[in-house]
Amino acid sequence: MMHDDPTDDDPTGEEPTGDEAEAALSPYQVSTEQDVETSLRPGTLGDFVGQPRVREQLRLVLHGALRRGEQPDHVLFSGPPGLGKTSLATIIASELGAALRVTSGPALEKPGDLAAMLSNLARGDVLFIDEIHRIARPAEEMLYLAMEDYRVDVVVGKGPGATSIPLEIAPFTLVGATTRSGSLTGPLRDRFGFTAHMEFYEPSELDQVIRRSAGILGVDLREEGAAEIARRSRGTPRIANRLLRRVRDYAEVRSDGAVTLDVARAALEVYDVDEFGLDRLDRAVLDALVRSFGGGPVGVSTLAVAVGEEPTTVEEVCEPYLVRAGMLARTPRGRVATVSAWRHLGFVPPERAPGETAPSLFDES
């Protein structure tokens, strides 16, 4: 898939005109953002960029099981969103030559929901549960037995007359993904044979991701433009691919289509992504912390109300990168703006703001 143009399949090579052109622009024939994002996912471990330790460990787990003719151990990926957990689940199914069944923790509210899904699995299938830490407790307890013994107990009836019927299920590999590994219960975590934590990407790795995506999308991407997008992508491939698509739009509409350094900078300014990769919400959090609360400390719930967002959004979307960028600190008393945050917003930091080096006994007065 090298082009976005839905008319490329025309064998005549002629430009559509009139009604044909109108039909060619039908929204039912144009790929959605989700379709494009899916097309950018790597298909094999060799195509997957970044996470070198995780890739090597996963390769050993999968190929070792294939050589022995066994079902691979269950796999758990943890880490911030957008780092490739879903892509790796797809790759696992591809490497095993198995079907991938996808669901999410919030969708499994009752044991019956999980039992229905497990009973429909074929031998060797890969079951991917995203946000597995949000699975309902009754369903989680059923999952324990399924992961260990490939069996579920279905309860028929209620009260004293209830009967538990054991139901054998086909051997499968469970792949779980979570953004909050600390929320997983111990019994569930212990049943995974391989666990891996996904790390944020370096700009050089994101540069490779963007170049690969540009090749798939047919974007005329220049070296300096790729580096600029990578630098502002917050260490996250999903964000890098999203920014690439937005910069492509800007380049096609307001320039000659080539993504150069100047075009990338101008486009990212339009989309409110600054030189540090902070977006509107990130800056709103820092601005509220500095202007409204004097740099903190302040609780995350209060901070979320100040910016009009949910606490989980501030905690899971904004904070990981702001902490990593050294602009926000988590303390027992609440969130605090660091010296870097004050300076980034154009304010003079207080004398003893977090991140400021405390004077030593040997400093001159």
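Since every read-out is calculated from the coordinates, none of them should be taken as a lab result. Small disclaimer: the values here were computed from a predicted structure and weren't measured. No Cβ is skipped: glycine too gets one built from the backbone with ideal geometry, and neighbour counts run over all protein chains shown.
For this structure, a couple of remarks:
- For the stretch 280-344, with +1 on Lys and Arg beta carbons and -1 on Asp and Glu, the positive-most of Leu328, Thr312, Ala284 along the dipole: Leu328
- Residue order for Val270, Val348, fewest other beta carbons within 10 angstrom first, comes to Val348, Val270.
- Convex hull projection area averaged over all views, the stretch 89-140, Cα basis, nm²: 3.4
- The stretch 37-73-the stretch 104-135 distance, computed between alpha-carbon centres (Å): 22
- Cα-based Rg / Dmax (Å) for the stretch 280-344: 10.0, 27
- Two-decimal Rg to Rh for the stretch 52-197 - Kirkwood Rh, Cα set: 0.98
- Among Asp287, Asp272, the ranking by other beta carbons within 10 Å of each residue's beta carbon, starting with the fewest, stands as Asp272, Asp287.
- Dipole magnitude for the stretch 91-133: about 180 debye, using +1 per Lys or Arg Cβ and -1 per Asp or Glu Cβ, origin at the Cα centre.
- Dividing the Cα radius of gyration of the stretch 74-160 by its Kirkwood radius returns 1.00 for Rg/Rh.
- Other residues within the sphere of radius under 12 Å centred on the Cβ of Ala177, judged by their own Cβ, net out at +1 (K and R +1, D and E -1).
- Per the Debye calculation on the stretch 201-270 with a single equal scatterer at every Cα and no solvent contribution, log₁₀ I(q)/I(0) for q = 0.21, 0.26, 0.27, 0.29 Å⁻¹ amounts to -0.73, -1.14, -1.23, -1.41.
- Near the amide H of Val175, within less than 5 Å, lie the amide hydrogens of Val75, Leu127, Phe128, Ile129, all on another chain or at least 5 residues away, with H placed in the peptide plane.
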